[in-house]
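*Asks:* Please see the structure below; I have some questions.
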Amino acid sequence: MAASSLKWKTMIAGLSVMSVIAAGCGNNAGSNNTGAGTNTPVTNDGAANNAAAANNAGAVETAGPKKGGTLTVGTFTDIVMVNPLYIADTSSGDVAYFMFANLLDYNKDGDVVAEPWSLLESLPEISADNLTYTLKLKANAKWNDGQPVTAEDIAFYINTIKDPVAASPGISTFDKVDKVEVVDAQTAKITMKSVFAPFLNNLVTAVVPSHILKDVPVKELQNHAYGKDPAVTVSNGPWKWTEWKQKQYNILDKDANYWAKDTNDVNIEKVIHKVYADQNTNVQAIIKGDIDLVGAIPVTSVEAVKSKGLNVLLAPGPLYEFMSFNFNKMNFGGKESPFTGEKTRQAIAYSLNRQGMLDNILKGTGQALNAPFLPGTWADPGADAVAYDYNVEKAKQLLAEDGWKDTNGNGTVDKNKVEFEFELQYNAGNSRREQVSTVIQDNLKDIGIKVSTKGIDFSSWIEQNITPGKYQAALQAWSLNSPDPDSESVFSAKYFPPNGQNSGWYNNPTLDKLWIEGYSTTDQAKRKEIYKQVAQQISTNLPYVFLYQYGTPEVIGPRVKFAAEDTPVAALPYGAFFGVNKWWVEDAK
Amino acid sequence: MGEYIIRRTLQSVLVLFLITVFTFGLIHAAPGGPTQIFLSPGLSIEAGQIRAEQLGLDRPIPIQYFNWLGNIVTGDLGTTFKNNIPVGEILWPTVKNTIILMSVAWILSLIIAIPWGIYNSTKEYGVSDQTASFISYVGFAMPTFWFGIILQSFFSLKLDWLPLSDMYTMGKEGNMMDLIQHLVLPVSVLTLGFLAGYLKYSRASMLEVLEQDYIRTARAKGVKENKVVFRHALRNALIPVITLIGLDLSILVGGAALTEAVFNWPGMGRLFVEMANSREYSVLMAITLLSAVFVVIGNLVADILYAVVDPRVQLGKGGKA
């Protein structure tokens with residue numbers, strides 16, 4: 001069911017953008033992470049995670065890492081295919097994570113680095129004008145059919161993704177790339193169309209074997225058996241894909257001929273990726289011990305799972321939720337959007353009890369944020385962004401200053417004879433948003449704004465409301481695929497619907513200019529300064545009310561052991577498996 | 001009889017055709033078509049159109065329908081949009097798994113319900129009858145997923161007597177004992193659900209017959225009660241029950257999405273839900289068609305059985321069948 005969840009994300013230029021997150025804790029949860037994705041370090045995950053890790057490590061201090069054994073991962077959607085050119089859903093991405101080496105990887109802090117198991121020898125050499133990246137492959141990097149990983153593979157991969165005929169979901173990831181040249185077998189040179197500072201993040205990606213796929217007509221690539229039939233799916237990671245039992249499980253076995261086994265000798269012999277019907281059956285299965293890890297369980301199950309002594313990691317992930325305002329007249333019967341006034345939007349922000357939502361609904365899986373940059377990342381504006389504390393009086397005052405008064409005494413404020421009422425949409429079945437929308441309804445009632453809430457089936461909602469920008473207000477979330485702060489594609493007037501993701505029709509020329517400046521320089525200090533201005537501007541002007549960063553609770557069973565530094569990092573893409581190459585399992589069978 | 005069967009079969013083909021037209025239209029009318037769902041994040045409009053062309057989704061719906069129909073007639077169920085896997089490859093294993101689960105539960109419920117219901121009709125409002133009534137109400141009223149979870153919590157998580165879910169333990173595929181262990185809980189849930197209807201039905205049917213004049217006559221003649229029940233009443237009482245069984249034949253291939261989900265049974269109920277969410281039209285159509293075929297066959301079988309057990313019914317001889 002959640003394969004469908006993966007969503008929607010537009011194509012637009014550049015950014016390794018973002019995707020609307022489906023249901024969160026509902027049946028569509030966890031649809032973040034696309035192929036070329038990537039992410040952000042979160043600083044505050046320390047407490048819970050480290051404690052958990054200490055427990056784990058402590059339990060085996062005498063034994064230390066063991067070779068062998070099986071790690072069974074539970075999920076609730078089957079893979080679609082594991083061809084990196086076409087991975088767009090969480091399950092396929094998860095399985096591919098075990099199978100493929102990336103050009104570059106993230107370290108624990110979310111920095112892009114060349115790890116011993118990365119395909120590149122070192123970080124790319126970037127030219128003085130910031131337009132060319134020279135990538136050097138490790139000489140011993142090999143596919144598991146014995147062929148070397150070459151610069152041809154890199155060129156083939158990027159060029160294919162860029163080709164619209166290939167219909168690859170990663171197309172926007174490389175659209176700022178002008179060309180890829182093969183310098184020699186181990187060296188590739190990427191030339192950009194313009195300076196694009198976040199580009200390094202886009203190199204945290206697998207590549208595909210050109211020697212297998214180069215003769216396949218581009219149109220036929222998606223139908224090719226590569227990525228669907230384990231027998232022809234040549235990969236280059238520590239585990240190889242050996243079986244796909246459709247709708248039931250995938251099996252990955254440790255590859256005895258893995259090229260990096262000297263430096264990255266993984267402990268776990270077999271990884272089973274097992275499909276369950278939904279999150280609740282996942283919960284039952286991990287309590288029973290049938291599976292060892294679940295990346296996302298419903299927040300409502302956390303207490304039950306904890307009471308069984310299982311390790312629950314509660315750190316917020318790379319996603320944030322917001323209430324989007326719509327500024328397009330067409331959604332208000334041709335009249336001006338009631339959200340037009342800046343003070344009105346600020347009043348709404350002050351009226352919402354976000355701490356209450358965090359305490360009672362998110363239950364430890366979220367934290368407040370005031371700008372579209374995750375807390376703890378380098379662009380986190382901290383105190384430079386305007387924080388909106390829960391302050392009903394201030395909210396009422398701002399509303400009044402903006403001209404909203406209850407002139408007819410019916411309890412709802414009005415202006416120019418128009419009552420302040422709107423519909424707040426969210427996707428039906430997402431219990432978190434259902435609860436949050438009720439809180440918003442109550443909070444806004446206190447300042448005289450009448451809100452009706454409406455849950456709509458996810459795919460209809462995206463098609464009929466979000467993509468065309470037809471709604472009054474909506475509860476949505478963005479999943480950030482990169483720790484880079486660039487978010488032009490969701491806030492700039494360049495990206496109005498239906499082809500862009502600025503579905504609230506937000507128009508702020510000052511901000512539009514800042515976004516471009518932000519990615520057009522690679523000078524980190526300058527970028528930091530620019531994004532600080534962005535944060536100040538956006539938190540004052542409020543295209544959205546930024547609600548909170550949130551995550552999905554990950555559960556790890558008692559058989560899985562790891563040292564503290566190999567604890568999963570929720571805020572990274574595939575962070576649920578971070579460090580899995582060092583983990584081991586007890587009672588290895 | 002032969003003529004009747006031919007006529008009914010031809011009617012059935014027409015019915016099936018109409019069902020496919022109707023469901024095809026309905027599925028395509030649902031908002032959020034596959035171009036929204038399987039065309040993945042980041043895909044440009046242009047690339048989306050290329051993909052839609054490749055899959056024939058850009059053509060008018062009636063044309064798409066006739067293409068589909070043409071393929072079906074030649075036995076080609078099509079492929080999935082998202083990853084181009086032949087529908088049969090996904091569908092048939094789940095059909096087999098569902099039939100295994102459902103037939104065990106169904107047959108078990110018939111074996112329990114019919115004799116018990118008949119027995120209860122002879123001891124109306126006795127302990128056994130009251131117990132059966134109670135079970136029926138519970139079976140009707142209890143949501144299967146909830147009952148399933150209760151059974152799991154107790155017999156699997158707490159007592160550890162039975163496996164929690166799945167059809168086989170991994171690595172034991174095909175092992176009969178393993179299959180039986182995995183069947184116990186889901187079959188219990190389903191059987192309870194089916195039991196309710198058959199218990200009530202067989203009891204009521206028998207009671208009705210027992211009040212008929214010819215039974216009273218038999219009793220008045222001094223025929224022993226046992227003989228009255230088993231010789232005179234039973235056959236007539238079974239007529240409606242048998243009809244019901246025929247009509248329920250389609251149970252074998254459907255109606256267990258929730259139970260399959262709770263017990264992670266790799267069957268077609270679960271498949272249908274998943275495919276509906278991702279708008280995999282070809283899989284949905286195949287499942288719908290298969291279910292429709294079973295319903296139609298079930299109806300046909302019910303009619304024929306009815307004629308066989310009830311001498312008053314004469315098929316295909318002009319009058320009403």
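*Asks:* How large is the dipole of chain B about the Cα centre if only Lys and Arg carry +1 and Asp and Glu carry -1, each at its Cβ, rounded to the nearest 20 debye?
*Replies:* 1240
*Asks:* Which value in Å is the Kirkwood Rh of region A:224-378 over different Cα pairs? Intermediate values should be presented prior to the final figure.
*Replies:* Numbers: mean 1/r = 0.0485 Å⁻¹.
One decimal place: 20.6 Å for the Kirkwood radius.
*Asks:* Which trypsin sites (Lys or Arg not before Pro) does region A:365-435 hold that lie in a coil by DSSP with at most 15 other beta carbons within 10 Å? Intermediate values should be presented prior to the final figure.
*Replies:* Values: sites: A:LYS394, A:LYS396, A:LYS405, A:LYS415, A:LYS417, A:ARG432, A:ARG433; in loops: A:LYS417.
Sites meeting the loop and neighbour criteria: A:LYS417.
*Asks:* Something else: Considering chain B as a Gaussian network with a 10 Å cut-off on Cα pairs, which listed residue, B:GLY75, B:GLY298, B:GLY197, attains the greatest mean-square fluctuation?
*Replies:* Checking each option, the largest mean-square fluctuation is seen for B:GLY75.
*Asks:* Largest first and to the nearest Å, give the Cα extent of region A:214-255 along each principal axis.
*Replies:* 31, 25, 12
*Asks:* For A:GLU321, what is the net charge nearby, where nearby means another residue's Cβ is under 11 Å from its Cβ and Lys, Arg count +1, Asp, Glu -1? Please report the intermediate quantities before stating the final value.
*Replies:* Working: positive: A:ARG354, A:ARG432, A:ARG433; negative: none.
Its environment carries a net charge of +3.
*Asks:* Counting Lys and Arg as +1 and Asp and Glu as -1, what is the net charge of the other residues whose Cβ lies under 12 Å from the Cβ of A:THR281?
*Replies:* Values: positive: A:LYS274, A:LYS288, B:ARG270; negative: A:ASP278, A:ASP290, B:ASP166, B:GLU260.
Result for the neighbourhood of A:THR281: -1.
*Asks:* Sorted from fewest to most neighbouring beta carbons within 10 Å, what does the list A:MET192, A:MET81 look like?
*Replies:* Details: A:MET192 19, A:MET81 27.
Ordered from fewest to most neighbouring Cβ atoms within 10 Å, A:MET192, A:MET81 come out as A:MET192, A:MET81.
*Asks:* Count the DSSP beta bridges whose two residues both fall in chain A, then state the antiparallel fraction as a percent rounded to the nearest 5. All intermediate terms of the calculation are to be shown ahead of the outcome.
*Replies:* On the way: 57 of 74 bridges.
Looking only at bridges with both residues in chain A, the antiparallel portion is about 75 percent.
*Asks:* Considering amide H positions built from the backbone, and no H for Pro or chain starts, which residues 5 or more places from A:ALA473, or on another chain, come under 5 Å of its amide H?
*Replies:* A:GLU423, A:GLN425
*Asks:* How would A:SER168, A:SER351, A:SER122, B:SER282 line up from fewest to most surrounding beta-carbon atoms within 10 angstrom?
*Replies:* Working: A:SER168 31, A:SER351 27, A:SER122 12, B:SER282 23.
Ordered from fewest to most neighbouring Cβ atoms within 10 Å, A:SER168, A:SER351, A:SER122, B:SER282 come out as A:SER122, B:SER282, A:SER351, A:SER168.
*Asks:* Let me ask something else about it. Could you identify which residue out of B:VAL73, B:VAL262, B:VAL184 has the top mean-square fluctuation in a GNM of chain B using Cα springs shorter than 10 Å?
*Replies:* B:VAL73
*Asks:* By how many degrees, 0 to 90 and rounded to 10, does the Cα axis of helix B:45-55 deviate from the longest principal axis of chain B?
*Replies:* In chain B, helix B:45-55 runs at an angle near 50 degrees to the longest axis.
*Asks:* Considering only the other residues whose Cβ falls under 10 Å of the Cβ of A:LYS67, what net charge follows from Lys and Arg at +1 and Asp and Glu at -1?
*Replies:* On the way: positive: A:LYS66, A:LYS254; negative: A:ASP265, A:GLU269.
Within the 10 Å Cβ shell, the charges total 0.
*Asks:* Loop-only trypsin sites (Lys or Arg not before Pro) in region A:189-223, please: DSSP not H, G, I, E or B, and at most 16 other Cβ atoms within 10 Å. Working shown, then result.
*Replies:* On the way: sites: A:LYS189, A:LYS193, A:LYS214, A:LYS219; in loops: A:LYS193, A:LYS214.
When the trypsin sites (Lys or Arg not before Pro) of region A:189-223 are filtered for loop state and at most 16 Cβ neighbours within 10 Å, A:LYS193, A:LYS214 remain.
*Asks:* Order of A:ILE287, A:ILE272, A:ILE251 from fewest to most other C-beta atoms within 10 Å?
*Replies:* Working: A:ILE287 23, A:ILE272 17, A:ILE251 20.
By the 10 Å Cβ count, ascending, the order reads A:ILE272, A:ILE251, A:ILE287.
*Asks:* From the helices alone, meaning DSSP H stretches of at least four residues, give me the mean residue ellipticity at 222 nm for chain A, per-run term -39500 (n - 2.57), in deg cm²/dmol to the nearest 500.
*Replies:* Numbers: 15 runs with 137 residues, N = 589.
Per the formula, -6500 deg cm²/dmol.
*Asks:* Which of rounded, prolate or oblate describes region A:534-589 when judged by the alpha-carbon gyration tensor and an a/c cut-off of 1.5? Walk me through the numbers before you get to the answer.
*Replies:* Values: a/c = 5.36, a/b = 3.34, b/c = 1.61.
Because a/c hits 1.5 or more and a/b exceeds b/c, region A:534-589 counts as prolate.
*Asks:* So how far, in whole Å, is the C-alpha centre of region A:74-143 from the one of region A:273-332?
*Replies:* 26
*Asks:* Still on this structure, I have one more. Please compare each pair in A:LYS274/B:LYS172; A:LYS108/A:LYS193; A:LYS450/A:LYS532; A:LYS176/A:LYS526; A:LYS245/B:LYS82; A:LYS108/A:LYS189 to a cut-off of 24 Å on the Cα-Cα distance and tell me which ones are over it. Intermediate values should be presented prior to the final figure.
*Replies:* Details: A:LYS274/B:LYS172 15 Å; A:LYS108/A:LYS193 31 Å; A:LYS450/A:LYS532 34 Å; A:LYS176/A:LYS526 21 Å; A:LYS245/B:LYS82 17 Å; A:LYS108/A:LYS189 28 Å.
Cα-Cα > 24 Å for A:LYS108/A:LYS193; A:LYS450/A:LYS532; A:LYS108/A:LYS189; rest within.
*Asks:* Using the Kirkwood radius over Cα pairs, work out the Stokes-Einstein diffusion coefficient for the protein assembly as shown at 37 °C and 0.692 mPa s, in µm²/s as a whole number. Each step should come with its number before you reach the end.
*Replies:* Working: Rh = 30.3 Å.
Roughly 109 µm²/s, to the nearest whole number.
*Asks:* If you average the alpha carbon positions of region A:183-203 and of region B:206-244, how far apart do those two centres end up, in angstrom?
*Replies:* Each part's Cα centre sits 87 Å from the other's.
*Asks:* Using a Gaussian network model of chain B whose springs link C-alpha atoms within less than 10 Å, name the residue from B:ASN97, B:ASN264, B:ASN226 with the highest mean-square fluctuation.
*Replies:* Top of the fluctuation ranking is B:ASN226.
*Asks:* For chain B, what does the alpha-carbon gyration tensor say about shape, rounded, prolate or oblate, given a ≥ b ≥ c as the root eigenvalues, a/c under 1.5 as rounded, and a/b over b/c as prolate?
*Replies:* oblate
We did not get these values from a lab; they are worked out from the coordinates using the rules stated. Only a predicted model underlies this, so the values are computations on that prediction, with no experimental measurement involved. With ideal geometry, Cβ positions are generated from the backbone for all residues, glycine too; neighbour counts draw on all protein chains shown.
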